[in-house]
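Working notes, structure below.
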Amino acid sequence: METALHSFFVSIPQAAALWLVILLAIAVAAVYVALPRSAPPRPLTEAERDKLRFADEVAVAAERAAATAARLRAEWATAQEQVDAAWLAFDEADRRSRETTQAAAFPLMSRRRKPGENADRQRYLHHAAIAACRNREISMAQLNDVLAHRGWNPRLHPVVQEGLLRNAIRAHRMSQYEDAQKREQAAWVESELAADALRSLRAEAAAAIVRSATAEEPAGDEWFADQWATGEMPATKAYA
């Protein structure tokens, strides 16, 4: 009798462990059966393939437009730097011209000229004008006027000639500054047009992907976020 009871109590843990294994197997089978079954992919129709093909083409066009927009924005930034440099050059020329004007307030002593002095003054004017043109301080047209004595008197005192030459440099720097402003404005207009084209293409690319939703999408949420990135978009600028 004691042996039978002993065998019974010893077999209880084994039976419990067996039941636990059976219950665990049943639970695993139930979870596996409850899992959703994905239907096998169906072949794409011709219309769906056309939608995907169009979405890929628009995406490629958007990438090219992004490269163009980035290039034009870099050109605009370069044009802005040229405007700043042209203004600094004009400001320096204006300062030197005003210094010469102030010095010209003191009259020169009049005396009889030595023989050949007029030739020396003309030579000085020509050399100073050539040097200024070589340094790109005056234009070739201005140099030609100096050499041809159009609006220039080669017999004036070198101090007076220096003042007139600095005025010519100032006028040339102002002309360069105005030209740089025009180039900068034109570069900004082209950059804005490229940015508008890029935004339109990206909107069209996103719409094309939505229309081809039944087919495999070429990219996920990160792609959509990148399409609206404004890193290469130029800042809005208005001109009067």
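Rule-based calculations on the coordinates, nothing more; no lab input. On a predicted model such as this, the values are computed, not experimentally measured, just so you know. Please note: Cβ atoms are built from the backbone with ideal geometry, for glycine as well, and neighbour counts cover all protein chains shown.
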- Item | Estimated inter-spin distance, Arg64 and Ala128, nm [label 7 Å along Cα→Cβ] | 5.7 nm
- Label-point gap, in nm, between Ser175 and Gln80 - each point 7 angstrom along Cα→Cβ: 2.9 nm
- Pop the C-beta distance of Val159 and Leu88 into the FRET formula with R0 = 22 Å and round what comes out to the nearest 0.05. 0.25
